[in-house]
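The values are calculated or read from the model by the stated rules, or taken from the named source; none is laboratory data. This one's a predicted model, so the numbers in the text were calculated from it and none came from an experiment. Note: ideal-geometry Cβ built from the backbone for every residue, glycine included; neighbour counts use all protein chains shown. We work out accessible area using only protein heavy atoms, side chains counted, and drop any ligands, DNA or RNA first. Shrake-Rupley method; radii C 1.70, N 1.55, O 1.52, S 1.80 Å.
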Amino acid sequence: EEVADELTLRALHLADPASPDEPVCLLVFDVLALDRTWSRPIREAVASELGVSVDRVMTSCIHTHGGPSCQPGTSALGWTIQEGYQDVLIETARRVARAAATSPVLAEPRVARGSLPAGAGQNRRRREWSDAFVALSFVTDNEETVASVATFGMHPVVTGPEHCVVNVDWVGPFRDTLADALGGTAIFLQGCEGDINPADTQWEVSAADSLKAAAILGESMAASVAETLRHATPVAGDGIRVWSRELSVPVGTTVLTVLNRSRKRQDVELLEWAIGDEHIVGVPGEATQAMQARIEEARGAKPLFAGFAPSWHGYFAEPFRMGYEESMSCGRHATDAIGVALSTLPDQSTAHVSIGTPENPEVLEVDTTRGRVEAA
């Protein structure tokens, strides 16, 4: 019914000075989600524009519920897409990536870890909410911040579903405040937000009042991130490394798979980058905090997460039970398989992982080398 915020695309183009011809490009869209039929053409177009392989282009989404849902099936839920919108995203991605690549600045990557304001979020599955965030900044010799990237998981749903307003919820004020505080371009990477909401959603008030509440939340969280980034330390290690794994997972019968008319199997790409010793783990959907904790435990450290990267394949709920998140997943076997693969280091030599839980006594064989999953 009205437009409160312009939707944007932000790009971060990174290259190691020792290997300038092997850059990576991160693209973050102000949309609900991109499924593979949308993200893959965008990544291929940008890869062609930059002269790199597709695994060096990562797409992610902030998951605003006040923006388009670029995936099949969700038109039945109220998210419709204008004809030609995919072409708009492809051409915009080309232009933004090219602009980012043609204005390189020598900068030092720095990392910081901290906590969001107490009480900012809540776990809607009645578990404890983790307030931790990870952030990177890229700083020149003159101590000027070129770009900052912050990641944590939280649904942008302060503005409720009854308000038909194009908006980016708290993410826009968060980025604006972070950029004002540090300088440069601020990027938010949606993390494992599968069961995380803002603590006080404002669905019962007017759209204008809920947007004000979203701004207050975004600004307060950005202030915490900015203060922590002012004390960031140089990233250990050198270079940029890229891993891409392809899984073929069995698809179950859920509300999501019925809406999408999914086939019996689905190909899922797992994409992970390392900037020095700091990893950006692409999560191809919406993981719950319990799954996030398992991924972190496997790595022994808290990486940066890029949700909806490089595309969206539903929710990854852990533990898997009957609930909303499970109904919007690709089923128990797909969820278990993707969780195991995400918890396996991408360069780990172990080929097969067997899993089974009391809720799911069947054994799955996950071949992390060949990228295939079989139900025993």
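A few points about this structure:
- Filter result for the condition that a residue is of a type in the set (Asp, Glu), out of contact with any Asp or Glu (no Cβ under 8 Å at 6 or more places or on another chain) and on the phi > 0 side of the Ramachandran plot, over Glu143, Glu162, Glu128: Glu143
- Total residues in the range 96-110, condition assigned to a loop (DSSP other than H, G, I, E, B) and exposed (fewer than 14 other Cβ atoms within 10 Å of the Cβ): 4
- Strands (runs of 3 or more DSSP E) wholly inside the range 268-376 that include at least 1 residues being open to solvent by 30 Å² or more (accessible area, probe 1.4 Å) and either modelled with pLDDT under 95 or touching a helix residue (DSSP H, G or I) at 6+ places or on another chain (Cβ under 6 Å) (or both): 352-355, 364-367, 372-375
- Taking the criterion of being of a type in the set (A, V, I, L, M), under 15 Å from Pro310 (Cα atoms) and open to solvent by 30 Å² or more (accessible area, probe 1.4 Å), the only residue of the range 228-254 that qualifies is Val242.
- Scanning the range 220-253 for residues that are of a type in the set (S, T, N, Q) and under 23 Å from the mean Cα position of the chain (by Cα) yields Ser220, Ser224, Thr228, Ser244, Ser248.
Every residue, every condition in (1) over 18 Å from the mean Cα position of the chain (by Cα); (2) of a type in the set (A, V, I, L, M, F, W, C); (3) crowded, with 24+ Cβ neighbours inside 10 Å, yes or no:
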residue	(1), (2), (3)
Ser39	no, no, yes
Val46	yes, yes, yes
Ser53	yes, no, no
Pro72	yes, no, no
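- Scanning the range 177-216 for residues that are in contact with a strand residue (DSSP E or B) (Cβ under 8 Å, 6 or more places away or on another chain), part of a loop (DSSP other than H, G, I, E, B) and open to solvent by 20 Å² or more (accessible area, probe 1.4 Å) yields Gly183, Gly184, Ala199.
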